[in-house]
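A.B. asks: Following this message is one structure expressed as structure tokens.
Just so it is clear, none of the values below were taken in a lab; they were calculated from the coordinates. On a predicted model such as this, the values are computed, not experimentally measured, just so you know.
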Amino acid sequence: MYTAFVIAIMILSVFLILAVLIQNPKGGGLTSQFTGAGSTQLFGVKQTGDLLEQITWGIAGTIGALVLATIFFIEQPGSADAINSINVEKAQTKSLPAPMTPAPTTTPAPQQQPVVPAPVPAPQR
């Protein structure tokens, strides 16, 4: 079911792109204000009830609802069929090696030299 939602979202996205590209530019943006290109439309009435604009908003709303609805069809990580991968199966059946213990040292400890007291100087007369 999740795959069906994703495919429907992709198809509706293509339709949304086409609906936006088909629409006539209405102007009145920042570019037209600074360049003077839209000065003739500045006080004109724009047609807001256009069918194509309503279709665009409808498709956008439907995509938003489908995206929010897909959360209910995502499988939870604890389910048995969550991931079907041969690598996951191999990792689950493979046992980990035992932890390594440090190897005994083969070199003997260094010999300690006996401490010899320093010679005491003879007293001077």
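A.B. asks: State the extension gain, in nm to one decimal, for the chain segment bounded by Trp57 and Phe72, taking 0.36 nm per residue of separation less the distance between their alpha-carbons.
C.D. replies: Going from the current span to full extension adds 3.0 nm.
A.B. asks: Pop out the ³J(HN,Hα) list for the range 63-73 in order, Karplus 6.51 cos²θ - 1.76 cosθ + 1.60 with θ = phi - 60°, rounded to Hz; leave Gly and Pro as x.
C.D. replies: 4, x, 5, 5, 5, 5, 6, 5, 4, 7, 10
A.B. asks: Still on this structure: Full extension from Thr101 to Ile86: what is 0.36 nm times the residue separation minus their Cα-Cα distance, to one decimal in nm?
C.D. replies: Gain on stretching Thr101 to Ile86: 2.2 nm.
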